[in-house]
1. What pairs can you find where one residue is in the range 70-91 and at pLDDT below 95, the other is part of a helix (DSSP H, G or I) and surrounded by fewer than 17 Cβ atoms within 10 Å (Cβ to Cβ), and their Cβ atoms are less than 7 Å apart, with a gap of 6+ or different chains?
2. Quick check, is Arg38 farther than 20 Å from Lys127 by Cα, assigned to a helix (DSSP H, G or I), at pLDDT 90 or above and basic (Lys, Arg)?
3. Under 7 Å by Cβ, and 6 or more places apart or on different chains, what pairs join a residue from the range 111-130 that is in contact (Cβ under 8 Å) with a residue 12 or more places away in the chain and within 15 Å of Phe93 (Cα to Cα) with one that is of a type in the set (Val, Ile, Thr) and in a loop (DSSP other than H, G, I, E, B)?
4. Which numbered condition trips up Ile50, out of (1) β-branched (Val, Ile, Thr); (2) assigned to a loop (DSSP other than H, G, I, E, B); (3) without any contact (Cβ under 8 Å) to a residue 40 or more places away in the chain?
5. Identify all residues within the range 74-95 that are closer than 20 Å to Gln125 by Cβ and hydroxyl-bearing (Ser, Thr, Tyr); write none if there are none.
6. Could you list all residues from the range 98-126 that are part of a helix (DSSP H, G or I), more than 15 Å from the chain's Cα centre (by Cα) and not acidic (Asp, Glu)?
7. For the range 74-85, check the following and say yes or no: at least one residue is farther than 28 Å from Thr140 by Cβ, in a loop (DSSP other than H, G, I, E, B) and not β-branched (Val, Ile, Thr).
8. Does Thr5 meet the test of being surrounded by fewer than 12 Cβ atoms within 10 Å (Cβ to Cβ), over 19 Å from the mean Cα position of the chain (by Cα) and either among the acidic types (Asp, Glu) or part of a loop (DSSP other than H, G, I, E, B) (or both)?
Amino acid sequence: MHLPTPYSCLKFRISRNLIREWGEFWDGSQYESGHRIRSFVAGVDKKFLITNKFLISFLTNHGPFPCYLHRFKKLGSPLCACGLVGDADHYVFRCPLTAEFHLKEPSDEHRKSWFKNLRYNGQAQSKLIQAYKISNGICTG
């Protein structure tokens, strides 16, 4: 006698396998952006779904930053208008042009808890967005 597998069981197995495969990819990733992301995010989790494009841009260091755009020959220099390398951390933590919107830079051992707080802190996200708008203005001239 053959009994069909319940839908909930199939859903659980598929979910478990996807998380396992995602975890294996996460652990084996050698990409530069993967290294940066792992410094802010502990590991794979179903709850780790970020839909805010600014948070994704911050995590990956991909966005309106001279450092990133220079890699693809979209800008002639990786430097910010202030003369320092223009990456996500520069605009969010250190650039004098975005000083009004700076966030407190976390120490290496607190990066994960800092980012977890950032995910749910609307005021901090607003500062991040403003810093990115300034960065975008610098990049588009």
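1. Within 7 Å, the pairs are Cys82/Pro96.
2. Details: farther than 20 Å from Lys127 by Cα: yes; assigned to a helix (DSSP H, G or I): yes; at pLDDT 90 or above: no; basic (Lys, Arg): yes.
Taking the combined requirement at face value, the residue does not satisfy it.
3. Phe115/Val41
4. Going through (1) β-branched (Val, Ile, Thr); (2) assigned to a loop (DSSP other than H, G, I, E, B); (3) without any contact (Cβ under 8 Å) to a residue 40 or more places away in the chain one by one, Ile50 breaks only (3).
5. Of the range 74-95, the ones closer than 20 Å to Gln125 by Cβ are 87-95.
Matches in the range 74-95: Tyr91 only.
6. Within the range 98-126, the first condition is being part of a helix (DSSP H, G or I), and the residues that meet it are 98-101, 108-119, 122-126.
This time we only want the ones that are more than 15 Å from the chain's Cα centre (by Cα), so: 98-101, 108-110, 122-123, 126.
Matches in the range 98-126: Thr98, Ala99, Phe101, His110, Gly122, Gln123, Ser126.
7. First, pick out the residues of the range 74-85 that are farther than 28 Å from Thr140 by Cβ: none.
No: the range 74-85 contains no residue that is farther than 28 Å from Thr140 by Cβ, in a loop (DSSP other than H, G, I, E, B) and not β-branched (Val, Ile, Thr).
8. Working: surrounded by fewer than 12 Cβ atoms within 10 Å (Cβ to Cβ): yes; over 19 Å from the mean Cα position of the chain (by Cα): yes; either among the acidic types (Asp, Glu) or part of a loop (DSSP other than H, G, I, E, B) (or both): yes.
Criteria met by Thr5.
The values are calculated or read from the model by the stated rules, or taken from the named source; none is laboratory data. Predicted model, so just to flag it, every value in this text is computed and none were measured. Every residue, glycine as well, gets a Cβ built from its backbone with ideal geometry; the counts of neighbours run over all protein chains shown.
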